[in-house]
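Student: I have a structure here, written as structure tokens, and I will follow up with some questions on it.
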Amino acid sequence: MQKIADLIEAEAERADQAALDRGGELARAGAVQLVRFGPPRVTAEVDDGAACVEFRVVDETLVWHCSCPAGRNGAFCAHCVATAQSVRIRTDRKDSPEVPSATASVRTVRMAS
Ligand SMILES: [Zn+2]
């Protein structure tokens, strides 16, 4: 299980800042619902236009898909980021610090909701 989580986290570090910001917001808002959480595959629904995210490991490589327009174009979109953060929380080791480096750069953005 650790492996896909690590691959997801590594990919999330390369996501662009806008996706990181938005994804962080969605994760904090509890918009991510992990549907399937197993070693070969992680799927989630994100309450943001009903986006469906899927992560799979194919030949040691992470493959992701999201149903939103950006995701369909292959981007590691905000929904992927939000799912990545939820996966990390789910797999968080007891010995790891509160804020791992992967998300330390995510700025806190307050938006009126
Ligand atoms: Zn998306």
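Student: Could you tell me how many of the residues in region 65-88 are within 10 Å of the chain's Cα centre (by Cα) and farther than 12 Å from Val32 by Cβ?
Tutor: Within region 65-88, the subset within 10 Å of the chain's Cα centre (by Cα) is 76-88.
Right, trim to farther than 12 Å from Val32 by Cβ and you get 76-77.
Within region 65-88, residues that are within 10 Å of the chain's Cα centre (by Cα) and farther than 12 Å from Val32 by Cβ number 2.
A quick yes/no check of all residues on (1) acidic (Asp, Glu); (2) in contact with a strand residue (DSSP E or B) (Cβ under 9 Å, 6 or more places away or on another chain):
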position: Gly38; (1), (2): no, no
position: Gly49; (1), (2): no, no
position: Cys52; (1), (2): no, yes
position: Val57; (1), (2): no, yes
position: Glu60; (1), (2): yes, no
position: Gly71; (1), (2): no, yes
position: Gly74; (1), (2): no, yes
position: Arg88; (1), (2): no, no
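Student: Still on this structure, please answer the following. Could you list all residues from region 24-55 that are surrounded by 15 or more Cβ atoms within 10 Å (Cβ to Cβ) and free of Cβ contacts under 8 Å to residues at least 40 places away in the same chain?
Tutor: First, the residues of region 24-55 that are surrounded by 15 or more Cβ atoms within 10 Å (Cβ to Cβ): 24-27, 31-32, 34, 37, 42-46, 48, 51-55.
Scanning region 24-55 gives Thr43, Glu45, Val46, Asp48, Ala51, Cys52, Val53, Glu54.
Any read-out appearing in this document is the output of simple, stated calculations on the displayed coordinates, not a laboratory observation. None of the values given here were measured: they were computed from a predicted structure. Note that each Cβ is placed from the backbone with ideal geometry, even for glycine, and that neighbours are counted across all protein chains shown.
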